[in-house]
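The values are calculated or read from the model by the stated rules, or taken from the named source; none is laboratory data. Note that the structure is a prediction, hence the values are computed from the model and not measured. When we count neighbours, we look across all protein chains shown, and the Cβ atoms used for this are built from the backbone with ideal geometry, even at glycine. For accessibility, only protein heavy atoms count, side chains too; no ligands or nucleic acids. Shrake-Rupley method; radii C 1.70, N 1.55, O 1.52, S 1.80 Å.
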Amino acid sequence: MDNNEFYDDRSGQEETIQTEVNPKTILSRIGIALSLMAAAILLSQVILSKLVSSFLPSFADSNWYSWVLVAISMYGVGLPVLYMLTKNIPDSKKKPVQKLKVSQFFIIFFISAAAMYLTNFFSVFINLILSLIKGGELINPAMDAIFEGNPFITFLYTAIGAPIVEEIIFRKILLNKVRRFGDLPAILITGIAFGMFHMNLAQIFYAAALGIIFAYVTIRTNTIRYSILLHIMINTIGATLAPMAVKQGNLVLLMLLGTWEFAAIAAGVVFFIVFVVVKKKITLEPGEIFISPKSSYLLNAGTILFLSICLAIIVRGILLT
């Protein structure tokens with residue numbers, strides 16, 4: 001279907017939808033939902049940690065306490081809050097699932113890995129500059145939990161639980177709400193929101209890059225099964241195998257991971273150049289609803305609130321180092 005056909009098929013529908021919904025209001029409601037989800041997660045963690053420290057202090061000292069606390073607040077509080085706040089926001093039109101070939105999946109995987117490593121280099125550079133300015137290393141709560149936590153519980157959360165729940169939140173619930181604005185806005189909105197949601201300077205850039213890739217894959221296939229699998233594979237390597245190798249000081253595993261990292265970057269960059277730059281395999285469809293002015297994507301109460309909360313926590317983390 002070409003662009004003309006797309007517009008012709010939806011001309012009447014587009015006019016109807018425009019009169020029924022206010023795009024800026026929808027975006028604001030989504031931003032507020034994200035803000036309240038983040039606030040609910042943080043508040044529940046504070047309350048639970050106070051209760052545990054008061055009544056079960058030995059549990060608070062265990063090496064799996066941090067992940068249990070995060071899992072309960074994320075799965076039991078954050079996800080239900082977001083669902084309840086967004087369930088009345090209309091979903092975009094459903095489209096049939098498109099299967100990826102195995103070769104296509106692994107091309108996307110290498111591009112994802114390359115994007116993660118390259119943006120992580122940028123994060124490390126920014127963190128190094130800030131560390132030199134402040135005279136101390138910046139705190140990375142996620143890595144602290146990974147290195148100090150129980151390896152099995154860490155694997156269950158970072159490599160299995162978190163990818164599934166985060167994909168449901170950002171590539172299922174949120175993407176379904178904003179896809180009607182067009183593929184590109186939906187990809188950028190959910191990808192950047194995913195990066196900001198990590199609320200950690202060490203994770204924002206690579207999380208946003210991966211979020212953008214995962215959103216594109218979801219939009220092209222109309223299912224989150226592939227983004228979940230990609231997320232699991234990326235997290236298994238980055239949040240389980242690599243920290244384990246560093247923690248154990250296993251030189252063989254460290255060498256293998258170093259070799260993998262450079263090979264993944266090289267392969268991912270080549271695949272990106274060949275399939276995205278040269279062959280232009282990226283396809284983006286316009287939406288059913290067009291937002292004007294485009295500043296409404298950011299300049300709405302909900303989005304401003306969500307970004308303010310995330311930035312405040314990021315700055316707080318930097319200042320407390």
Quiz item: Which residues, taken from region 271-310, are assigned to a helix (DSSP H, G or I), open to solvent by 70 Å² or more (accessible area, probe 1.4 Å), within 30 Å of Ile108 (Cα to Cα) and modelled with pLDDT of 85 or more?
Solution: Phe272, Ile273, Val277, Val278
Practice problem: Find all pairs meeting these conditions: Cβ atoms under 6 angstrom apart; at least six residues apart or on different chains; first residue within region 127-153 and touching a residue at least 40 places away in the same chain (Cβ under 8 Å); second residue crowded, with 17+ Cβ neighbours inside 10 Å and of a type in the set (Val, Ile, Thr). | Solution: Ile146/Thr154
Quiz item: Which residues, taken from region 172-202, are in a helix (DSSP H, G or I) and within 14 Å of Ile291 (Cβ to Cβ)?
Solution: Lys177, Val178, Arg179, Arg180, Phe181, Asp183, Leu184, Pro185, Ala186, Leu188, Ile189
Quiz item: Which residues, counting only those in region 111-125, are surrounded by 15 or more Cβ atoms within 10 Å (Cβ to Cβ) and either free of Cβ contacts under 8 Å to residues at least 40 places away in the same chain or hydrophobic (A, V, I, L, M, F, W, C) (or both)?
Solution: Ile111, Ala113, Ala114, Ala115, Met116, Leu118
Quiz item: Among the residues of region 84-103, is there at least one that is hydroxyl-bearing (Ser, Thr, Tyr) and outside any helix (DSSP H, G or I)?
Solution: yes
Quiz item: Any chance region 182-199 includes a residue that's at pLDDT below 95, of a type in the set (A, V, I, L, M, F, W, C) and under 19 Å from Ile41 (Cα atoms)?
Solution: yes
Quiz item: Quick check: anything in region 230-247 open to solvent by 40 Å² or more (accessible area, probe 1.4 Å), more than 23 Å from Gly149 (Cα to Cα) and out of contact with any Leu (no Cβ under 9 Å at 6 or more places or on another chain)?
Solution: no
Quiz prompt | Matching entry among Ser62, Ser35 (being out of contact with any strand residue (DSSP E or B) (no Cβ under 8 Å at 6 or more places or on another chain), within 30 Å of Ile304 (Cβ to Cβ) and either free of Cβ contacts under 8 Å to residues at least 60 places away in the same chain or open to solvent by less than 70 Å² (accessible area, probe 1.4 Å) (or both)) | solution = Ser35
Exercise. Search region 218-236 for residues that are within 12 Å of Ser112 (Cα to Cα) and pair each with any residue that is basic (Lys, Arg) when their beta-carbon atoms are under 6 Å apart and the residues are at least 6 apart or on different chains.
Key: Ser227/Arg171
Exercise. Name the one entry in Ile309, Ile289 that is over 19 Å from the mean Cα position of the chain (by Cα) and touching a residue at least 40 places away in the same chain (Cβ under 8 Å).
Key: Ile289
